Structures are given as structure tokens and as C-alpha cells.
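Visitor: Right, I'll just put the structure down here and ask away after.
What follows is calculated from the coordinates using simple rules that are stated; it is not laboratory data. Note that the structure is a prediction, hence the values are computed from the model and not measured. Here the Cβ is made from the backbone with ideal geometry for all residues, glycine too, and neighbour counts use every protein chain on show.
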């Protein structure tokens, strides 16, 4: 496959040789997307991972009855990694924000390579695990910060309860 | 709706009018402590009786707890909690330094000998003596308890803590009770009526009154109103009522009751039922018997222009709204019948000072308290355009709230 060296900067290919990258990408299906088209949608069963060969995308997730933008994806970003490890529903939607080409590595292909004992795919799985661990760490920090914020807000409210009560008794309802 | 539900309803109405947060309302409503004890005593027959005694102590913010002790086979915890809070509001309205309490024992003294009731009382006192006291919690008489019961409590408590007349009020006058206590609630009602009428350019003299109930509160109120030149045109008791549009001779009615145990049959009067008396034509209606007697149906038919609540919660919340709409002005129970607890306070003060006041001094001080309390409530009602009842609760919440904040939550 030509241009394999181009894909050395894809995070899930870190530590892979060019030959290993080529093996993973062999048989991958390039998908052409217009701006606004979905690579995949939230809730759909995961059936493979995607690498943005060219173009740009946006990660979106449902919040109530709206969809909110979470993060932009540039060229050579990898998405839907969980789709090669488990068939769970997609956790977010990916939409092309300009004409985009995405390479799809199917779960079946991934499974074949794992069964064969492919080094490249094993390294990809390690990279995915490392990435998920990083995301979990970040999530824990954000959760901790959010909990502190909520506690602070709750305390502020409670103090305001008594402060407001004092004002009511000494100002509005003084006699 | 009964007395305790009505108390909560009126408290919530005032709290909402003041725009108090739910958490603040809960803080004010919840009792500080609920005590339950198992009171076992040997009856005269040798049989062991197991009673339950309890005491709800509602709010300590403004002073020691104060409230009655009732002996009744049916005791309801929610009922007691609400009546305890009622005492907090009442003592706050008249600005005496107490919080509210209520308690009792689920025995039936009408089916017990005096010795048995004494044993139950002394046992209960021994069980709660660490949780009551002159500066802690001061019980008083209530349903089926009386001055003698208070004497027993004082006696048992004093054995454990030394001479302590101030541990209870409502004691016999011969055992450190106060002059003027017996007629205090009725007298307070009379003062409340006097203050209300004055705001409308009227006096007790020449005004007509109908009094439902001729027990302690009703009979003294009627007597004192009559003494001031008021025309009591109808009175009633459990057996029925009597009416005379020209005004009853109340001292003679009292003599008649002493002989016959009822107002019924007093000569020269026409009969009137306990329900009819509430809608009898008069200027001032004084319910001094049971709770919940002025229902929404009765409220539409009340012909009095003013109501002075001698009983606890005689007016239901729906009736209260109707009376408000009809512009019938009510002096609420927590103000009108606070004369009793006010003179209880005087008894406690005399006991602490170990100095007795003459009746004239007690009456004069009661008059001053009732006048000042009425003034505060009336002025707030006028400035905020709310009823006297809502204003009274707002004054109570204001005083209890400030004390709670200053003492520290």
C-alpha cells in the first residue's frame, strides 16, 4: 500500500513498523464523506475503527434532546477504536465537517490478525489500552473537580439560606 | 382537620407569606427532642400496669421548654409534636422566655384511684427528672392533670434536686402557685377582646358576646366581660346552651352552674345548641370549648363581626379563609388564649425570686403583656395587609428565628 509511512503519526500506530502498519491497513475500505455526513452515529453497534485519511470531522454526543460538539478530529486521527474490541453501541457520533476520506478497519479483519498473532495488531491493542487509560485518568480528574464545584455551590446555597433568613427577619419582617 | 393539623397549616401559611425556604421551615418545625419512657406501676389490685410516657421538647432557642402534661389513653406522637410547636409560637407571640413542649402518659385517670395516679406521676417524674427542671423544661396541667398532679411532680423532683417549686407551674396557691392563675386564660381573652374592639372605636361595655363553653376559660371570660359592662347574650356547655338578647346575669349563671352542673335551665332564657351559639347574633363570638368547631359551613353563617379564640384551634383553615373574605376579624388562639401561659410564667418568676406577688400585680402585668402583644401583632397585620392570625405567626417565627440564629444553628 502506498503512503504507509504517512500513517506513522496515527496514535494507535505508535511503535509499529511500516510493515506492521501496512498489514493492519491491508483491505481497509476508504469511505468518502461529504461535509455533514456521519462516519458513524451514537448508539449504532460498533463494527470497526476509522482513520481519517484526509479532511476533518467533529465528535458529537447527545445531551438531552440536543447534540453537542465535543472535539474536532484532524487528519490521521483514529476513531471508534472500541468498535474493534467490542460490539457495544457507539458512544458518540462522528460527522465530517468538510469532504473527508476515512479508512475503515473492520472488526473481522482485526480479529483475524489477532488470531494469527499479528504483532502489529497486538501493539495497536496496547496503544488503545494506553489511550483509554489516559482518558479515564482525565475523566477522574474532571469528575473530582466537578464534585468539588458542586460541594462548593451546595455550601454557598446553605449559607445563603441562613443569610437570607436573617435578612428576612431583620429587614422585611422587622417589627 | 384537627388542632395539630390546623397549627401546621397556619404556620406554613405564614412561613410562605414570609417566603421562607423549605429547609428553614423544617428547621423551625422539627422538635429538638422526643423522649419516650416505659412507666410500669403496681395498681391497687396488685396487678402491674405498663404505661408509656413521653415528652416532646420543641425549641430551646428562647428559653426553657414549657408545656402541658396530659393523661389520656390515646396519645398521638404527631399530635404532641404539633402541640409542642404551638407552645413555641404562643410563648413567642407574648414574648415570654420559653420554648414549647408537650407530653403525657397514656393512662386513664378516670378509671384509676388517686393513689394509682400519684404512683404513675411520681414514677414518671423519677424517669424524666434529668430532662426537666426550672431552667430546662417546666410542665404544667393539661387534660386530666391538675394542680395536685403538679404538686406530686414538684414533690418527687425536689427529693432528687432540692427544693424546686419552679419545676412546674399550675401548682396549688397553697404550694407556691400564683394568685390569678385560675382565671388567667379567661382574663387574657377579655383583654384581647378589649384591645380588638378599641381598634374599631368600640369598648367591651355595651358590646354583645356569645361564649361557647363554660369551663375554666369560658366562665371566667364571661364573668370578666360582664364585669366590664359587656352584654353576654348566649353561653353554652357540654349539655347545651342558653340565650337572652338583653344580656345574661353571668354571676347568677355561675351560681346556677355550681348547683346544677350546667348552664341549661337557667330561668328566663331560651335554649340554644352548641352549634347554634356559633351563629347567634352578637358582636363578638368567643369559642372556648373544642377545636374545629367553626367549619366552613358555620363560617358562612357566623353573624358576629369579631371572633376571640379562647379555645385552641376552634377555626378550621377553610373556615378561616371564608371569615377573612367576609371581613370577620379573628384574634387567633395563639394570642387570645395566651393569658394562661403568661401567668404560668409569672408563677415561675415568683418561684425563682421566692417572692409572692399580689393578685392586682399579676393582673396588671398580664394586662400589659396582652396589650403589648396585641399591638405588635395588629401593627404588623396592618402594615403587611395580612390577617391577625398570619401576623401572629409571623411575629412568633420572627422571634424564634432571631433567637435561633443568634444562639447559632
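Visitor: Taking each pair of different alpha-carbon atoms in chain A once, compute 1/r for the pair, average those values, and report the inverse of that mean as the Kirkwood hydrodynamic radius in Å to one decimal.
Guide: Details: mean 1/r = 0.0529 Å⁻¹.
Answer for chain A: a Kirkwood hydrodynamic radius of 18.9 Å.
Visitor: Let me ask something additional. Can you figure out the FRET efficiency of residue B:325 with residue B:49, using R₀ = 41 Å and their beta-carbon distance, to the nearest 0.05?
Guide: Details: r = 51 Å, r/R0 = 1.24.
Between residue B:325 and residue B:49 the formula returns 0.20.
Visitor: Let me ask you something else. Quick one: order B:105, A:12 by neighbouring beta-carbon count within 10 Å, fewest to most. Don't skip to the end; give the middle numbers.
Guide: On the way: B:105 27, A:12 24.
Exposure proxy ranking, most exposed first: A:12, B:105.
Visitor: Also, I was wondering about something else. Show me the ranking of peptides B:372-385, B:283-296, A:94-107 by mean Cβ neighbours inside 10 Å, starting with the highest. Kindly include the intermediate steps, with their values, before the conclusion.
Guide: Values: B:372-385: 17.1, B:283-296: 22.7, A:94-107: 19.4.
Per-residue Cβ counts within 10 Å, averaged per peptide and sorted highest first, yield B:283-296, A:94-107, B:372-385.
Visitor: Given a Förster radius of 22 Å and the C-beta distance between residue A:42 and residue A:131 as r, what FRET efficiency does 1/(1 + (r/R0)^6) yield to the nearest 0.05?
Guide: 0.65
Visitor: Right, something else. Partner chain Cβ atoms within 10 Å, averaged over the residues of B:394-407 - can you pull that number for me? Write down the numbers at each step before the final one.
Guide: On the way: counts 3, 2, 0, 4, 6, 2, 1, 7, 5, 0, 3, 6, 1, 0.
Rounded to a whole number, the mean comes out at 3.
Visitor: Within 10 Å of each Cβ of B:20-27, how many other protein chain Cβ atoms are there on average? Please list the in-between numbers first.
Guide: On the way: counts 6, 7, 1, 5, 5, 0, 0, 3.
Averaged over the peptide's residues, the number is 3.
Visitor: Another question, then. How large is log10 of I(q)/I(0) for the protein assembly as shown at q = 0.05, 0.06, 0.07, 0.08 Å⁻¹ when the intensity is taken from the Debye formula with one equal scatterer per alpha-carbon?
Guide: -0.41, -0.50, -0.57, -0.64
Visitor: Rounded, prolate or oblate: which fits segment B:256-409, taking a ≥ b ≥ c as square roots of the Cα gyration tensor eigenvalues, rounded meaning a/c under 1.5, else prolate when a/b beats b/c?
Guide: Oblate, since a/c reaches 1.5 and b/c is not below a/b.
Visitor: To the nearest 10 degrees, how steeply does helix A:119-167 sit against the main Cα axis of chain A, on a 0 to 90 scale?
Guide: Its long axis makes an angle of about 10 degrees.
Visitor: From other protein chains only, count the Cβ atoms within 10 Å of every residue's Cβ in A:160-168, then give the mean.
Guide: What the average comes to for A:160-168 is 5.
Visitor: Pick from A:62, A:88, A:149 the residue whose mean-square fluctuation is largest in a GNM of chain A, springs joining Cα atoms under 10 Å.
Guide: Highest fluctuation among the options: A:149.
Visitor: For residue A:122 paired with residue A:147, estimate the spin-label separation in nm (one decimal), with each label point 7 Å from Cα along the Cα-to-Cβ line.
Guide: Calculated label separation equals 3.8 nm.
Visitor: Work out how much length residue B:126 to residue B:296 would gain on full extension: take 0.36 nm times their residue separation and subtract the Cα-Cα distance, in nm to one decimal.
Guide: Extra length available between residue B:126 and residue B:296 comes to 56.6 nm.
Visitor: Let me ask something else about it. Taking springs between alpha-carbon atoms closer than 10 angstrom, which of A:40, A:13, A:165 fluctuates most in the Gaussian network model of chain A?
Guide: A:165
Visitor: May I ask you to derive the relative contact order of chain B, considering only C-alpha pairs under 8 Å and at least 6 residues apart, and to give it as an integer percent?
Guide: For chain B, the relative contact order is 17 percent.
Visitor: I'm a student and want to see the number: the projected area of the Cα convex hull of segment B:1-150, averaged over all directions, in nm².
Guide: That works out to 9.4 nm².
Visitor: A further question follows. What fraction, in whole percent, of alpha-carbon pairs in segment B:78-132 exceed 16 Å separation?
Guide: Result for the distance tail: 58 percent.
Visitor: Compute a Gaussian network model of chain A, connecting alpha carbons closer than 10 Å, and tell me which residue from A:148, A:160, A:29 fluctuates the most.
Guide: Highest fluctuation of the listed residues: A:160.
Visitor: Still on this structure: Order B:337-348, B:202-213 from most to least packed using the mean count of other Cβ atoms within 10 Å.
Guide: Result, highest mean Cβ count within 10 Å first: B:337-348, B:202-213.
Visitor: Report, in degrees rounded to the nearest 10, the 0 to 90 angle that the Cα long axis of helix A:107-116 makes with the longest principal axis of chain A.
Guide: With rounding to tens, the tilt is 60 degrees.
Visitor: Output the relative contact order of segment A:4-137, whole-number percent, from Cα pairs under 8 angstrom with separation of 6+ residues.
Guide: 35 percent
Visitor: Let me see the P(r) profile for chain B: every Cα-Cα distance counted, bins of 20 Å, each bin given as a percent of all pairs.
Guide: Per 20 Å bin, starting at 0, the Cα pair percentages come out as 28, 58, 14, 0.
Visitor: Output the antiparallel fraction of DSSP beta bridges having both residues in the protein assembly as shown, as a percent to the nearest 5.
Guide: Numbers: 50 of 75 bridges.
Bridges in the protein assembly as shown that DSSP calls antiparallel: roughly 65 percent.
Visitor: Which whole-number percent gives the relative contact order of segment B:259-347, counting Cα pairs below 8 Å spaced six or more residues apart?
Guide: Computed over segment B:259-347, the figure is 25 percent.
Visitor: With a bin width of 10 angstrom, please list the P(r) values of segment A:45-122 as percents of all Cα-Cα pairs, from the 0 bin to the one holding the largest distance.
Guide: 19, 43, 30, 8, 1
Visitor: I would also like to ask the following. Out of the DSSP beta bridges found with both residues in chain B, what percent are antiparallel (nearest 5)?
Guide: 50 percent
Visitor: Here's another thing I want to ask about it. Provide the packing ranking of B:147-155, B:126-134, B:240-248, B:44-52, i.e. peptides ordered by the mean count of other C-beta atoms within 10 Å per residue, highest first. Mind showing how you got there, number by number?
Guide: On the way: B:147-155: 20.6, B:126-134: 16.7, B:240-248: 18.8, B:44-52: 11.0.
Top to bottom by mean Cβ count within 10 Å: B:147-155, B:240-248, B:126-134, B:44-52.
Visitor: Sticking with this structure for a sec: In nanometres, what is the gap between the two model label sites at residue A:62 and residue B:318, each 7 Å from Cα along Cα-to-Cβ?
Guide: Taking the simple label geometry, residue A:62 and residue B:318 are separated by 4.7 nm.
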